[in-house]
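Take a look at the structure below.
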């Protein structure tokens with residue numbers, strides 16, 4: 001536990017720094033945009049309803065959906081899509097409170113201002129905004145808490161944040177990581193909220209000393225929080241950077257860590273972008289925002305090549321490799337040696353009682369059963385093929401986090417799950433993996449992909465080539481089990497897997 005906690009805390013300064021930079025940037029843009037916009041809205045009444053309605057609509061869109069929408073709209077991952085999504089998320093409280101604050105200023109005060117000869121601008125700056133400032137600052141406080149919380153969702157779009165703790169912790173059942181990320185995000189939100197509250201009190205009391213104290217404290221907090229990022233920028237690492245992508249499950253985190261170690265030893269600076277969805281990650285590789293990652297032949301075959309036929313593993317890999325190069329200039333360096341296919345699984349005791357060995361045996365019972373899967377499976381072509389070929393008609397389909405599926409089937413919340421064949425959970429939860437005699441599911445050989453630019457770097461390819469053909473199903477399943485069930489850290493699991501690879505040479 002202490003080793004795990006130490007490992008998580010060592011990551012905290014970097015994650016916190018990026019989280020703070022992202023949240024503050026979004027808030028700063030929100031304030032700069034909303035304050036003048038609110039003034040215009042109070043002067044031009046016809047703009048009030050559409051402007052506030054737009055801000056309200058942005059607020060009703062779930063944060064993670066708003067973040068995900070920015071990636072295809074901007075055609076890139078990372079800081080920018082997260083920044084724009086969080087800016088849109090900050091609009092409503094700042095805009096609404098500013099409009100409300102200005103409109104609720106006592107009319108006698110504004111008339112008195114005009115009576116002594118003030119222009120409209122002078123009245124705004126000297127009377128309306130000062131009187132409305134407590135309400136405006138209250139809106140900024142609300143926006144701050146919302147944006148700091150929503151910034152934890154930026155991990156799946158490739159932006160580093162405290163969400164890295166939470167997403168990786170959920171996938172690997174590392175409660176320490178989840179706790180560190182959650183507590184850090186909460187403390188950051190509370191600290192910023194209370195400091196902005198001091199500005200609110202200062203505005204209400206017209207107290208400049210209190211505003212000065214609040215300003216100094218805020219500068220100190222921001223300076224300390226951003227110092228790791230500033231220090232990193234000043235002492236810039238001169239090594240070439242390789243960006244490694246990873247999907248949101250244990251196996252991908254281990255493989256990304258393994259690749260990171262190999263590249264660091266070869267003289268590169270490795271940067272891992274974890275927790276990204278299949279489509280986002282593939283597009284990021286094609287446009288060079290990610291340099292390399294491990295994908296699965298079945299995913300490329302069905303999702304990107306739109307093929308629904310099933311070929312032998314070697315033939316599929318060969319066609320996939322040629323298609324990737326021809327259509328996206330992506331290089332498939334080769335297969336790692338294990339096949340992590342989707343497979344339907346259910347408790348052994350139930351399978352034995354009902355005589356279920358194959359997916360075909362499951363079909364007659366499916367109408368009384370609930371099936372669970374990860375977020376992607378029910379939207380994939382393979383599921384449609386599997387469902388129609390075997391006439392599966394489950395009573396209910398439930399999508400959930402991959403790490404929660406096994407607990408769900410063990411607690412009878414679902415009857416069948418779409419498991420990954422290399423999961424360490426399968427044996428631990430005494431599940432029977434059903435055979436697929438009609439081959440509805442394609443093979444899922446893990447393959448190492450390089451972006452068009454990365455493929456030109458022979459030193460990079462050489463550093464990763466040792467992984468090709470070096471990991472079998474047992475080795476990968478053992479590494480996954482170590483993290484998921486034995487509470488081994490991802491770093492240690494990657495080192496053990498590396499040692500296993502070296503031993504096989």
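The values are calculated or read from the model by the stated rules, or taken from the named source; none is laboratory data. Note that the coordinates shown come from a computational prediction; the quantities given were computed from them, not determined experimentally. Quick reminder, even Gly has a Cβ in these numbers, built from the backbone with ideal geometry, and neighbours come from all protein chains shown.
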Which of the numbered conditions does residue 183 fail, given that it passes all the others? Conditions: (1) out of contact with any helix residue (DSSP H, G or I) (no Cβ under 7 Å at 6 or more places or on another chain); (2) farther than 30 Å from residue 401 by Cβ. (2)
State which residue is nearest to residue 410 (Cα to Cα) when the search covers only the range 358-385 and only residues that are surrounded by fewer than 15 Cβ atoms within 10 Å (Cβ to Cβ) and out of contact with any strand residue (DSSP E or B) (no Cβ under 6 Å at 6 or more places or on another chain). 368
Taking residue 75 and the conditions (1) surrounded by 15 or more Cβ atoms within 10 Å (Cβ to Cβ); (2) touching a residue at least 60 places away in the same chain (Cβ under 8 Å), which numbered condition does it fall short on, given that it satisfies the others? (1)
Report, by residue number, each residue of the range 191-214 that is farther than 20 Å from residue 132 by Cβ and either touching a strand residue (DSSP E or B) at 6+ places or on another chain (Cβ under 6 Å) or without any contact (Cβ under 8 Å) to a residue 24 or more places away in the chain (or both). 194, 209, 212, 213
Would you mention how many residues in the range 455-505 are at pLDDT below 90 and not in a helix (DSSP H, G or I)? 6
Considering each of 311, 333, 317 in turn, give the residue that is more than 27 Å from residue 501 (Cβ to Cβ), in contact (Cβ under 8 Å) with a residue 60 or more places away in the chain and assigned by TED's automatic domain parsing to the domain that holds residue 300. 311
Is it the case that some residue within the range 454-467 is touching a residue at least 24 places away in the same chain (Cβ under 8 Å) and on the phi > 0 side of the Ramachandran plot? no
Being under 28 Å from residue 229 (Cβ atoms) and either modelled with pLDDT under 90 or touching a strand residue (DSSP E or B) at 6+ places or on another chain (Cβ under 8 Å) (or both) is true for just one of 153, 66. Which residue is that? 66
Looking at 246, 256, 266, which one is touching a helix residue (DSSP H, G or I) at 6+ places or on another chain (Cβ under 8 Å), assigned by TED's automatic domain parsing to the domain that holds residue 464, closer than 20 Å to residue 495 by Cα and crowded, with 22+ Cβ neighbours inside 10 Å? 246
Residue 158 farther than 18 Å from residue 56 by Cα, touching a strand residue (DSSP E or B) at 6+ places or on another chain (Cβ under 6 Å), surrounded by 20 or more Cβ atoms within 10 Å (Cβ to Cβ) and in the same structural domain as residue 198 (by TED's automatic domain parsing): yes
What tally of residues in the range 276-309 results from selecting those that are in a loop (DSSP other than H, G, I, E, B) and buried (at least 19 other Cβ atoms within 10 Å of the Cβ)? 4
Is it the case that the range 101-122 has a residue that's more than 30 Å from residue 404 (Cβ to Cβ), under 42 Å from the mean Cα position of the chain (by Cα), surrounded by 23 or more Cβ atoms within 10 Å (Cβ to Cβ) and not assigned by TED's automatic domain parsing to the domain that holds residue 279? no
